[in-house]
1. Quick test of your reading of the structure: residue 56 fulfils all but one of (1) assigned to a helix (DSSP H, G or I); (2) modelled with pLDDT of 65 or more. Name the failing condition by number.
2. Restricted to segment 174-185, and to residues that are under 9 Å from the mean Cα position of the chain (by Cα) and either of a type outside the set (A, V, I, L, M, F, W, C) or in a loop (DSSP other than H, G, I, E, B) (or both), which residue is surrounded by the most Cβ atoms within 10 Å (Cβ to Cβ)?
3. Take residue 244 and decide whether it is more than 21 Å from residue 114 (Cα to Cα) and in contact with a strand residue (DSSP E or B) (Cβ under 7 Å, 6 or more places away or on another chain).
4. Which of the residues spanning segment 90-106 are open to solvent by 10 Å² or more (accessible area, probe 1.4 Å) and within 17 Å of residue 211 (Cα to Cα)?
5. Return the pairs, sorted by first residue and then second, in which the second residue is at pLDDT below 95 and open to solvent by 70 Å² or more (accessible area, probe 1.4 Å), the first residue lies in segment 252-268 and is farther than 16 Å from residue 239 by Cβ and in a loop (DSSP other than H, G, I, E, B), the beta carbons are less than 7 Å apart, and the residues are 6+ apart or on different chains.
6. Which ones in segment 215-240 are touching a residue at least 40 places away in the same chain (Cβ under 8 Å), hydrophobic (A, V, I, L, M, F, W, C) and open to solvent by less than 30 Å² (accessible area, probe 1.4 Å)?
7. So which of 110, 129 is in contact (Cβ under 8 Å) with a residue 40 or more places away in the chain and closer than 16 Å to residue 171 by Cβ?
8. If I filter segment 31-44 for residues that are modelled with pLDDT of 85 or more, open to solvent by 30 Å² or more (accessible area, probe 1.4 Å) and of a type in the set (Asp, Glu), do I get at least one hit?
Amino acid sequence: MLPNERQQEILELLKQKNTISITDFAAELQVSEITVRRDLELLDNNNQIIRIRGGAKLLENEKVEKDTNFLNRRFYNQAAIQKQEKRAIGKLAASLVKDDETILIDAGSTTLSLAKHLHGKRGVTAIVTTVNIAEELEGREGVTTILSGGIFRSKTTTLVNPIMDRMLMQIHADKVFIGVTAVSLTKGFSGNDFLESEVKRQLLNSGKQIYWLVDSTKINSISTIHISPFIKEHFIIVDDGIQPSSKEQLEKQCQLLIAARERESADE
């Protein structure tokens, strides 16, 4: 079966079941799980599906028309996944920001949650690498927002290019908040986009304290592009859905902060 035929089969399977595991895909298509992962990554990059831990799901098209605050369909659907977990992580991360600090905020739906909770601060300078987070912080009292320059990528609303890298080299923020696609308990942090992964590597050198914002579904998984190993002084902020065994392993390799989830209100 040719790759494009196999990918069409994947889409048909998802139309029937909405969410399927990589193992089930491999069995249905009679190919290796590695092949399935490659196909899923391509479909995800083409905004046709969303990869989730251990599998994939279809984009929820009906949700797109209900919300115009997001610049693209893929980001909206990604933000809708693990909503309570991301809210808890964002709230805890925002509480760590002190008055008069300079912070760097990376791309991602979890880092967007941080921006949503960044209230009641004074004299904070937020340097952001994505348009949607800059829009979220626009006019926020007590926060001055600086949008890094670069080439705009509508798929993820990020800005990337060598000019941006040089800008980040001149910054040493108090705190850096980074989003990530996957966290392997043995290999560390990984992503699925070469340019954006390079931005994240540069962010690691642009601040005093590094915080990785990761919802628990991304723990014990790995993506295509290695970004960084664990560093003992770095922090991971994760929701309380993390497995006890994963929690124990991560605490040996970095500073772990657990964000408690709240009951979702009726109007959200």
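1. Unmet condition: (1).
2. Initial filter on segment 174-185 (under 9 Å from the mean Cα position of the chain (by Cα)): 178-182.
Those left that are additionally either of a type outside the set (A, V, I, L, M, F, W, C) or in a loop (DSSP other than H, G, I, E, B) (or both): 179-181.
Working: 179: 25, 180: 23, 181: 23.
The selected residue is 179.
3. When the stated conditions are applied, residue 244 does not pass them.
4. 91, 92, 95, 96, 98, 101, 102, listed by residue number.
5. Qualifying pairs under 7 Å: none.
6. Answer for segment 215-240, where residues must be touching a residue at least 40 places away in the same chain (Cβ under 8 Å), hydrophobic (A, V, I, L, M, F, W, C) and open to solvent by less than 30 Å² (accessible area, probe 1.4 Å): 227, 236, 237, 238.
7. Just one listed residue meets the conditions, 129.
8. Scanning segment 31-44 turns up at least one residue that is modelled with pLDDT of 85 or more, open to solvent by 30 Å² or more (accessible area, probe 1.4 Å) and of a type in the set (Asp, Glu).
The values are calculated or read from the model by the stated rules, or taken from the named source; none is laboratory data. Predicted, not measured: the structure shown is a model, and the values here were computed from it. As a convention, Cβ positions derive from the backbone with ideal geometry for all residues, glycine included, and neighbour counts pool all protein chains shown. Surface accessibility is based on the protein's heavy atoms, side chains included, excluding ligands, DNA and RNA. Shrake-Rupley method; radii C 1.70, N 1.55, O 1.52, S 1.80 Å.
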